[in-house]
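Structure, as structure tokens:
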Amino acid sequence: MNVVDGKVVPTRAYDYLGAPRLAIFDSGQAFVPSWAPGIRLLYADRPVEYIQSPGTVFDVRMSNDYRTAVLFSREGVWLWPQDEEPVRLDWSGPVTVGDFDGRDRVVVVSGDEIVILGRDGAVQRTFAAPARATAIAWRKGHDELLVGRLDGGIELLDLSGKTLAEMTQHEGQISTLETSPDGAYLAAASWDATVSISKLDQPLRATSAANP
């Protein structure tokens, strides 16, 4: 990173092709899921690399120390430690959406079930998913999950699958969920072109992503 006339200038810039999520290791190596089966590796001082991946990777999440990535594809879940090769978790099943708690647990929606996996791929819990789930996220700092639905609703679940709370401030499919580090606040993006910010016991506000 350089600073010129008080403005930050990136060391190197790349074309952005609309991938759903970027990720970066603490070494500075960034990678971008591709719509084709593969991943682009980006560096500040080296040419772009392109590696094949099994299936189309549609999402990626990082560990809390930024040294391990979890890759989600329709065909499975892959663990990618920094400076090593990606390793598929020893679990098989279709994946609709997923999330990583940053430490040792992965959660996926697979068919009509929610499956919680350890880093070794061992199944820790399985329970029924809310109907037509389109997004899922760990509530940081809690043993709870947030699930977004096609109808715009969001459910807060405990790890037995019990619904603890439900929010309905969106009119379109929920595409992304993320909580604050303490788990007190939830940000949700929807295909209705709004982003909502909620305290998990009380909706706060919703704002248009295009016209705040």
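Could you tell me the distance between the Cα centroids of the stretch 99-171 and the stretch 173-191, to the nearest Å? That distance is 12 Å.
Building the convex hull from the alpha-carbon atoms of the stretch 58-212 and averaging its projection over directions returns 8.9 nm².
Computed from the C-beta positions of Ala131 and Glu178, the FRET efficiency with R₀ = 30 Å rounds to 0.85.
Mind ranking 183-192, 82-91, 142-151 by how tightly packed they are, going by the mean number of other C-beta atoms within 10 angstrom, highest first? Numbers along the way, then the final one.
On the way: 183-192: 18.1, 82-91: 13.2, 142-151: 19.8.
Descending packing order for the listed peptides: 142-151, 183-192, 82-91.
Computed from the coordinates by the stated procedures, all read-outs in this text should not be read as laboratory data. This one's a predicted model, so the numbers in the text were calculated from it and none came from an experiment. Cβ sites come from the backbone with ideal geometry, for glycine too, and all protein chains shown count toward neighbours.
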